[in-house]
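Shown next, in structure tokens, is the structure this report addresses.
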Amino acid sequence: MASISANLFVVIVSTILSTTLSASVIEDLKNLIPPPDFNTTIMTNCLNNPTLRYCNSSPMDLHEIFKFTIVGSHLCNESKNPNCVESFPKIDLRNRPIIAPLYLSFSFFWKYCPLSVLSIDLSNNSLKGSFPTDLLQCTQIRALDLSHNELSGEFPIESFSPLTNLTVLNLSYNHFLESDQVSETWFFKRFTSTSFLHSGLLLDHKEFRVKLVSLLVGFPIFVILMVGCLGWICLHRPDFLPRMLQSKHKFTPSMLKAATNGFSKKNLVGKSEAVDIYRGTLRDGTKVGVEIYLDNITKENRRKLVQECKVLVQLCHKNTVRVLGWCDKRRFGAIVTEWVEGQSVEAWLLGANPPWKHRLRLMIGVVEGMCYLQERWPDVGYDLRTSSVLLSNNQEPLISRFKIEDDHINNSTKKIYKLGVFLLEIIANRRPHEEFEGGEAGFIEYVRMHYPANLQKAIDEKMKLTESGFEQVKQVMKLGIMCTDRTSNRQPSLREVFNILSRAYKSFSVFTSPNHKRSHGDRGKGNKQIQSNLSFFRKLDVQESYC
């Protein structure tokens, strides 16, 4: 009775599986209902052979057992067993890549695996994924062949413990993870190395030797290359190192070359006989100005450059350009400063035609910067020409082009002289070295010649002045002339210059205030500021004939 029912459903399922092996097969199996006498058939089978696996399941799932019976009958025939009604000795699905994965997916079949199955062959099916552990529920098998597939991942050694009858195993040509346990446990003693050829489980001694030699040779080479690269980075591009390992103020030619795009002409903003000035961008995005000294630098000059720059990087004032660092190679010397997007004072005077108030505020800013340097860093010299003093985006003057000077006492007199020339340039809007034959000396003589009787000719004609403004310009011009006198010991100090300019700026604000009324009392307040400035000149006994 059981055999008739089984044969009947084998015919049905054979028809289904021969037409399609897609997901519809699994769906059709779910929809099949056991015949009314199936329960009786199963109970009879269990009485006759209680070792059947489904006999020990509790509770019995008749629907699952029914599907197992159908799939088992079909699989027996697919495996070309001679008499499937009487016995089912082998599962042979080698070279069947289409249906082999389907049968592996029937977990209910492997759960009740027939006890008569002694051999399973699923070789050469391109099976992928992890090891199909459902097969190991057939604990009675004697042979298992999973060779020539693409199985990968961990190999379940412990799951093979119940397979005490297994004597033939072939896992060759797969991609399992290498495991020392395979060669060191009982598992390897049961089988020969041919069971694991190119499976990934065992060490290939020849391949291992190649890897070992490669490691012994390659690793030192790798270390040497890494040390070489790290050394090159430390010497040439330390900006690639972590910030904590970088030298704070020291730059290399390679860093500056990268920052200026190879010292391209596009980034060249200034050039003279000894210095080229480039703009650039460091690796961290900081915009910089790079002053490159073209002459070969001697060892002594390099030492002086470093000493100077160690002082200059400490300068910190709103009216000084910040020095970021230096480069002191044998044929390459450079000072790196912050980049100022604004223009020079010279360009500002020529292009913007600034009013007197703005010029006065600029003078005060420059003197503030000079006072800071004089009080904190008296040895630091600087270029005070209008072409060298820069303007920031908010019109704040910035002193630049620094250097260390030895005799700061005499240099103090020189700095006051340069300030006097600078003040006169601001008022006259003239370029001494380009417009006068004697340079600065010719320019100063020109101003003295017109002061005070012909003062209007020495003042920038584009600067519109009120009566009070004209008086202030006259005072500041006298102050500039006094600063340029290095022979009479009557030069004012920087602090005195700052006080005069500050009072002039305050008095200018009084005269130009929208709320200012031209009353006698107000004129008195403004005149007090002017008189205060004039008292300074009288104190120094500056006579009109001097000018």
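The values are calculated or read from the model by the stated rules, or taken from the named source; none is laboratory data. Remember, predicted model here, so these are calculated numbers, not experimental data. Ideal geometry is used to build each Cβ from the backbone, glycine not excepted, and the neighbour counts take in all protein chains shown. Accessible surface is based on the protein model in full, side chains and every heavy atom, while ligands, DNA and RNA are left aside. Shrake-Rupley method; radii C 1.70, N 1.55, O 1.52, S 1.80 Å.
Worth a mention:
- Qualifying residue in segment 248-255 (condition: open to solvent by less than 50 Å² (accessible area, probe 1.4 Å), in contact with a helix residue (DSSP H, G or I) (Cβ under 7 Å, 6 or more places away or on another chain) and hydrophobic (A, V, I, L, M, F, W, C)): yes
- Of the helices (runs of 4 or more DSSP H) contained entirely in segment 440-507, those carrying at least 3 residues that are surrounded by fewer than 15 Cβ atoms within 10 Å (Cβ to Cβ) and on the phi < 0 side of the Ramachandran plot fall at 440-450.
- Pairs with Cβ under 6 Å, 6+ apart, first in segment 288-311 and over 13 Å from Val323 (Cβ atoms), second open to solvent by 80 Å² or more (accessible area, probe 1.4 Å) and not polar (S, T, N, Q): Asn296/Arg331
- The set of residues from segment 309-346 being farther than 30 Å from Pro238 by Cα, assigned to a helix (DSSP H, G or I) and open to solvent by 40 Å² or more (accessible area, probe 1.4 Å) comprises just one member, Glu346.
- Hits in segment 57-102 (condition: touching a strand residue (DSSP E or B) at 6+ places or on another chain (Cβ under 8 Å) and open to solvent by 60 Å² or more (accessible area, probe 1.4 Å)): Lys80, Lys90, Arg94
- Single condition Ile426 does not satisfy, out of (1) over 18 Å from Tyr505 (Cβ atoms); (2) modelled with pLDDT of 85 or more; (3) of a type in the set (A, V, I, L, M, F, W, C): (1)
- From Phe155, Phe188, Phe131, residue being in a loop (DSSP other than H, G, I, E, B), at pLDDT below 90, surrounded by 13 or more Cβ atoms within 10 Å (Cβ to Cβ) and aromatic (Phe, Trp, Tyr): Phe155
- Selected residue (criterion: most open to solvent (accessible area, probe 1.4 Å)) from residues of segment 256-281 that are in a strand (DSSP E or B) and of a type in the set (D, E, K, R): Lys271
- Hey, Leu163 more than 22 Å from Ser119 (Cα to Cα), outside any helix (DSSP H, G or I) and either open to solvent by less than 80 Å² (accessible area, probe 1.4 Å) or modelled with pLDDT under 75 (or both) or not: no
- In this entry, Ser195 passes the filter for residues that are surrounded by 17 or more Cβ atoms within 10 Å (Cβ to Cβ), modelled with pLDDT of 65 or more, in a helix (DSSP H, G or I) and touching a strand residue (DSSP E or B) at 6+ places or on another chain (Cβ under 8 Å).
- Scanning segment 283-308 for residues that are within 18 Å of Lys329 (Cβ to Cβ) and not in a helix (DSSP H, G or I) returns Val288, Val290, Glu291, Ile292, Tyr293, Leu294, Asp295, Asn296, Ile297, Thr298.
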